[in-house]
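I have placed the structure first, in the form of structure tokens, so that the comments after it can refer back to it.
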Amino acid sequence: MKRALFPGSFDPITNGHIEIVRRGLLLFDEIIIGIGLNTAKQAMFSPDQRQRWIEEAFKDEPRIKVHLYTGLTVHFAREVEARFILRGLRSAPDYEYERNIDLLNKYLDAEIETFYLLSSPETSFVSSTLVREVIRFHGHLEGLLPPHIIRDIYGLYPGGGPVSAPSAKSS
Ligand code: ADP
């Protein structure tokens with residue numbers, strides 16, 4: 001059984017993440033999506049909300065499980081018995097960032113191997129950070145997020161995002 005951990009913040013999960021996970025299923029028997037809760041980043045969406053959205057996105061796929069975790073990613077990989085970590089690469093800065101994490105993870109646990117998939121051209125510009133900006137400033141979300149998440153966000157924030165932007169509101 002080849003089990004991989006796909007770690008990240010998923011605040012929120014985007015079509016870019018979903019594409020990587022679906023392609024990851026060609027390589028792995030099971031993928032655990034681990035929502036890491038100990039980053040310094042201030043999250044826009046609650047851990048439970050993020051988990052529900054991911055579960056809904058993959059409700060047709062029993063080989064995908066979703067967990068919340070704190071602590072080091074390699075420790076969590078051990079805990080869920082995942083020998084592999086899956087990550088996506090969009091660009092050269094992603095590569096630089098991932099390389100350091102990879103070296104650190106290898107230093108911490110040499111037996112866990114990380115695999116990288118290049119993002120598709122359709123989603124290589126999509127990041128959760130940019131999507132949060134689009135939500136805040138009332139931009140179009142179609143194509144960036146799955147429809148069920150867009151529906152919920154419109155419901156959560158009728159008329160736009162959670163942070164009122166003076167310039168966007170007055171226009
Ligand atoms: P982090 O919070 O560690 O930056 P993210 O939640 O943003 O993690 O992303 C988790 C993983 O998904 C990372 O490997 C990241 O490179 C990858 N990823 C994010 N967006 C995309 C995308 N549009 N295409 C491919 N991979 C992506």
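Coordinate-derived values only; no laboratory data. As the structure is a prediction and not an experimental result, all values here were calculated from the model. Please note: Cβ atoms are built from the backbone with ideal geometry, for glycine as well, and neighbour counts cover all protein chains shown.
If I take all pairs of Cα atoms in the chain, what percentage of them are more than 21 Å from each other?
49 percent
In a shell of Cβ-Cβ distance under 15 Å around residue 49, excluding residue 49 itself, what net charge do Lys and Arg (+1) and Asp and Glu (-1) give?
Once positives and negatives cancel, what remains is -1.
Tell me which residues come under 5 Å, amide H to amide H, from residue 68 once H is placed; ignore anything under 5 positions away on its chain.
Result for residue 68 returns 35.
Order of 11-20, 75-84 by packing, highest average Cβ count within 10 Å first?
Packing order, densest peptide first, comes out as 11-20, 75-84.
If I fit a long axis through the Cα atoms of helix 15-24 and take the longest principal axis of the Cα atoms of the chain, what angle between them do I get, 0 to 90°, rounded to 10?
Value to nearest ten degrees: 20.
Counting only residues 5 or more places away or on other chains, whose amide H sits under 5 Å from the amide H of residue 4 once H atoms are built in the peptide plane?
30, 31, 32
Any idea what angle helix 47-57 forms with the longest principal axis of the chain, computed on alpha-carbon atoms, 0 to 90 degrees, nearest 10?
80 degrees
Per DSSP H run of n ≥ 4, the term is -39500 (n - 2.57); total these for the chain, divide by its residue number, and report the mean residue ellipticity at 222 nm rounded to 500 deg cm²/dmol.
The per-residue figure over the chain is -12000 deg cm²/dmol.
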